[in-house]
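Reviewing the structure listed below.
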Amino acid sequence: MTRAEFAVALSAPARCGHAGYLSWVVDDAFSVCECIHCEATWAHEAAVLVGGAVLYNVHDPAQCAGRPCAVHNPSAHHMRDWPQRWRGDRQMIERLCPCGIGHPDPDDLNADGIHGCCGHCRPEGNVP
């Protein structure tokens, strides 16, 4: 099997500046990326979310240094210790409350706030 047969094609800008690259997982610690235009390669460290899920191709920690980030620098919100789940269909990270409902992670810039809600995501903890 070749790299291209099991690589994931991503349309995001590559580190070399071109649009589009392939990515494949090497082991539990990192993935490798290759530009589809100039074949430049680079490694991405894996990120482990609260709850143990592993994400690959996560942005570099330097990109979010000094500000809240759902992956690298969670703020002190009340859901901080809840397990996280990546929602590939919505390109966002959720926090799973004690009753199992997924709520948008307050530190995820992609989260739109739309979700089925039990009320646990409210800081005051008022459950309807």
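The values are calculated or read from the model by the stated rules, or taken from the named source; none is laboratory data. Predicted model, so just to flag it, every value in this text is computed and none were measured. Ideal geometry is used to build each Cβ from the backbone, glycine not excepted, and the neighbour counts take in all protein chains shown.
Summary table below
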{"item": "Counted residues, the stretch 76-128 - those being surrounded by 13 or more Cβ atoms within 10 Å (Cβ to Cβ), in a loop (DSSP other than H, G, I, E, B) and among the small types (Gly, Ala, Ser)", "result": "2"}
{"item": "Failed item in (1) surrounded by fewer than 18 Cβ atoms within 10 Å (Cβ to Cβ); (2) assigned to a loop (DSSP other than H, G, I, E, B), with Gln63 passing the rest", "result": "(2)"}
{"item": "Long-range neighbours under 6 Å by Cβ, at least six apart or interchain, first residue over 13 Å from Gly51 (Cα atoms) and assigned by TED's automatic domain parsing to the domain that holds Arg67 within the stretch 77-97, second small (Gly, Ala, Ser) and surrounded by 15 or more Cβ atoms within 10 Å (Cβ to Cβ)", "result": "Met92/Ala111"}
